[in-house]
Amino acid sequence: MVLVAAVRDYINRMLQDISGMKVLILDSSTVSSVSVVYSQSELLKKEVFLVELVDSIAMSKESMSHLKAVYFLRPTAENIQHMRRQLAKPRFGEYHLFFSNILKDTQLHMLADSDEHEVVQQLQEFYADFVALDAYHFTLNMAANHMYMLPAVVDPSGLQQFCDRIVDGISAVFLALKRRPIIRYSRTSDIAKRIAHEASKLMYQQESGLFDFRRTEVSPLLLIIDRRDDPVTALLNQWTYQAMVHELIGIQDNKVNLKNVGKLPKDQQEVVLSSEQDAFFKANMYENFGDIGMNIKKMVDDFQQVAKSNQNIQTIEDMAKFVDNYPEYRKMQGNVSKHVTLVTEMSKIVEERKLMLVSQTEQELACNGGQGAAFEAVTNLLNNDNISDVDRLRLVMLYALRYEKESPVQLMQLFNKLASRSPKYKPGLVQFLLKQAGVDKRTGDLYGNRDLLNIARNMARGLKGVENVYTQHQPLLFQTMENITRGRLRDVDYPYVGNHFQQARPQEVVIFVVGGTTYEESRSVALQNSTNSGIRFILGGSSLLNSKRFLKDLEEAQRIARISTNML
């Protein structure tokens, strides 16, 4: 509940003390922050009769003096200008201004000067400058997510904006949690180091008063890592419910767009997948695909029982009972059809793209050694006409990441095969990935074959056997959390910023992934938190990835890198 509860609390405080009819005015970032934790019906209960975006409200001239305006915006230069213009010609009776992060003094003065009509009733900072997807998982929804792969010289101002946005998001999380962390970062990542130092400067120097909370015995840990330390997790097909929906259909701010799926009624073309609002999803979001099918069948059977009893209306009392239970019945009906639609659509995609065949080889590449067998398996799939271009590309990438040093000749053969079978993907993209996230660039032991302890652990796992061939992969993050829990996270790999060191094992850890998180990783965090190890982990990232988004970021970074190389 941590992150969701923090943002909900801010919104409650915004709305509950302002009586009467209200309009809530948001920007493109805060609309996501609000929508994932607060439903339309909950806003209505707080007398919010209109929700508008700040730039579209600027277009309208109509006076609405009977409404009280509640603004919740990021403190950007653009939003401050919007506010100044709107305060110069007020359309609403009252203005209540809330900003999702720290306002600069100059911005405060600008707003005060613009309020000539004295319509502003209050101005506050409510630190919800992130999207709380779940209790322990947040994202910053950054559009220019590819920036982390570019050298600083390519676009210095673009990279500075990228870093600033991440520092803003991380600082808002810690202000919402009322904590100031000790900071560590991934040694081989320039951008993780830069963000770590800038966050430290903000928390310990520029705004040290704001972060001076009542000290806990042990400071929490903020660990900033780089997506390129584990590109494998972002490339794999997924077989647990939430991760699979995002991989095959796509989830944006806990909503799934189903407009392109068959002929669905209008109210089912966009569905909400939230563990806060959907008990079935909460119980099944981390279950594997096989079990989901069984659990949905049980839900359908339960619903049919309820529907049957509703058909048996014979007395006035039966009718009254049916009317009382009707909202719950409708909700149940909507939920059943939502999950049946999702699973049916995913089954179709799995069959069309032969993903069970593809995924078996992917998991072998990610988890087990054996270069000869892997080469043969990938070659066979590249030759298979039923395999899609993007799946061929991912297989070659996974092979290249694993065996880049071991078999350069065979790797070249796969590059050539990929170029002839899927000409839209030039081998250059795989080579760009190796340049970005090859073995020499990574911190940590991605394949569990560098460190004696990890080799032993992998052997033990192999001997025990694997419960499910499709879900045997564990993200590098799992190992990182285990190392933190056991006090084994090496200083040489993850240095501290400044002279702030961890004296004992932290009880709270925020791991931020520059380049984005995956739902497979958020599942790892949720499972780790359920073990009651005495440490609470929170996961955050610059965006939320599936393989499609990861490849899009990679292609964009490659395109810009090429242009800048030609210009230099």
* Structure fact -> Those residues of the range 13-52 which are charged (D, E, K, R) and in contact (Cβ under 8 Å) with a residue 60 or more places away in the chain amount to Arg13
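For every residue, the table says whether it meets (1) farther than 17 Å from Gly428 by Cα; (2) touching a His at 6+ places or on another chain (Cβ under 9 Å).
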site	(1), (2)
Gly516	yes, no
Gln528	yes, no
Asn546	yes, yes
Arg562	no, no
Thr565	no, no
* **Counted residues, the range 252-282 - those being among the aliphatic types (A, V, I, L, M) and either loosely packed, with under 12 Cβ neighbours inside 10 Å or modelled with pLDDT under 90 (or both)** => 3
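Given the structure, is Lys348 modelled with pLDDT of 90 or more, touching a helix residue (DSSP H, G or I) at 6+ places or on another chain (Cβ under 6 Å) and either open to solvent by 40 Å² or more (accessible area, probe 1.4 Å) or under 21 Å from Phe289 (Cβ atoms) (or both)?
In short, no.
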* Is it the case that the range 51-72 has a residue that's under 17 Å from Phe130 (Cβ atoms), open to solvent by less than 40 Å² (accessible area, probe 1.4 Å) and not polar (S, T, N, Q)? -> yes
* Asked: With respect to the numbered conditions (1) of a type outside the set (S, T, N, Q); (2) at pLDDT 95 or above; (3) farther than 21 Å from Thr480 by Cα, which one is the sole condition not fulfilled by Arg184?
  -> (3)
* Within the range 57-84, can you find the residues that are part of a loop (DSSP other than H, G, I, E, B), of a type in the set (S, T, N, Q) and closer than 15 Å to Leu108 by Cβ? -> Thr76
* Given the structure, is Ile166 open to solvent by less than 10 Å² (accessible area, probe 1.4 Å), in contact with a helix residue (DSSP H, G or I) (Cβ under 6 Å, 6 or more places away or on another chain), within 24 Å of Val7 (Cβ to Cβ) and not in a helix (DSSP H, G or I)? -> no
* To do: State whether the residues of the range 31-45 include one that is part of a helix (DSSP H, G or I), closer than 26 Å to Glu116 by Cβ and at pLDDT 90 or above.
  => no
* Top-ranked residue in the range 73-89 [being within 26 Å of the chain's Cα centre (by Cα) and surrounded by 14 or more Cβ atoms within 10 Å (Cβ to Cβ); ranked as nearest to Gln16 (Cα to Cα)] -> Leu73
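Filter the range 16-28 for residues that are under 24 Å from Asp134 (Cα atoms) and crowded, with 22+ Cβ neighbours inside 10 Å and give the result.
Start the filter on the range 16-28 by keeping residues that are under 24 Å from Asp134 (Cα atoms), which leaves 16, 24-28.
Once the filter is applied, which keeps residues that are under 24 Å from Asp134 (Cα atoms) and crowded, with 22+ Cβ neighbours inside 10 Å, the range 16-28 yields Leu24, Ile25, Leu26.
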* **strands (runs of 3 or more DSSP E) wholly inside the range 180-294 that include at least 3 residues being closer than 27 Å to Val439 by Cα and not small (Gly, Ala, Ser)** => 182-185, 221-226
* Asn237 passes all but one of (1) surrounded by 24 or more Cβ atoms within 10 Å (Cβ to Cβ); (2) touching a Ser or Thr at 6+ places or on another chain (Cβ under 8 Å); which number fails? -> (1)
* Structure fact -> Reported set for the range 94-140 where residues are open to solvent by 20 Å² or more (accessible area, probe 1.4 Å), within 18 Å of Ile11 (Cβ to Cβ) and in a loop (DSSP other than H, G, I, E, B) is Tyr127
* Filter result for the condition that a residue is in contact with a helix residue (DSSP H, G or I) (Cβ under 7 Å, 6 or more places away or on another chain), open to solvent by 70 Å² or more (accessible area, probe 1.4 Å) and of a type in the set (D, E, K, R), over Glu362, Glu406, Glu376 -> Glu406
* Asked: How about the range 517-568: which of its residues are modelled with pLDDT under 95, open to solvent by less than 10 Å² (accessible area, probe 1.4 Å) and charged (D, E, K, R)?
  -> none
* Structure fact -> Flagged in the range 120-146 as more than 14 Å from the chain's Cα centre (by Cα) and closer than 16 Å to Ile224 by Cα, in numbering order, are none
* Can we say Arg184 is of a type outside the set (S, T, N, Q), crowded, with 23+ Cβ neighbours inside 10 Å and in contact with a strand residue (DSSP E or B) (Cβ under 8 Å, 6 or more places away or on another chain)? -> yes
* Asked: How many residues, within the range 504-560, are on the phi < 0 side of the Ramachandran plot, polar (S, T, N, Q) and part of a loop (DSSP other than H, G, I, E, B)?
  -> 8
* **Entirely in the range 339-408, the helices (runs of 4 or more DSSP H) that have 2 or more residues that are within 18 Å of Gly438 (Cα to Cα)** => 355-367, 389-403
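The values are calculated or read from the model by the stated rules, or taken from the named source; none is laboratory data. Remember, predicted model here, so these are calculated numbers, not experimental data. Using ideal geometry, Cβ is built from the backbone for each residue, glycine included, and neighbour counts are taken over all protein chains shown. With ligands, DNA and RNA removed, areas are computed over all heavy atoms of the protein, side chains included. Shrake-Rupley method; radii C 1.70, N 1.55, O 1.52, S 1.80 Å.
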